[in-house]
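Reading through the structure tokens given below for one structure.
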């Protein structure tokens with residue numbers, strides 16, 4: 001089960017993308033997480049100021 005980014009909560013600050021150890025997050029509107037590369041470590045959730053990343 002990979003994480004996804006809730007576009008209603010994402011403020012596009014880049015914190016999750018910069019903290020991801022597998023570089024599976026792509027900037028855009030909305031930011032996206034590549035499920036096949038996500039290791040479900042929770043780094044994106046821990047660093048996000050709005051709790052936008054969530055497990056699917």
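The values are calculated or read from the model by the stated rules, or taken from the named source; none is laboratory data. Everything quoted here is computed from the prediction, not taken from an experiment. When we count neighbours, we look across all protein chains shown, and the Cβ atoms used for this are built from the backbone with ideal geometry, even at glycine.
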Filtering the range 3-39 down to residues that are touching a strand residue (DSSP E or B) at 6+ places or on another chain (Cβ under 7 Å), part of a loop (DSSP other than H, G, I, E, B) and under 10 Å from residue 53 (Cα atoms) yields 6, 31
Residue 45 is checked against (1) assigned to a loop (DSSP other than H, G, I, E, B); (2) touching a strand residue (DSSP E or B) at 6+ places or on another chain (Cβ under 6 Å); (3) modelled with pLDDT of 95 or more and fails just one. What number does that condition carry? (1)
Qualifying positions in the range 19-35 - surrounded by fewer than 17 Cβ atoms within 10 Å (Cβ to Cβ), touching a residue at least 24 places away in the same chain (Cβ under 8 Å) and within 15 Å of residue 47 (Cα to Cα): 19
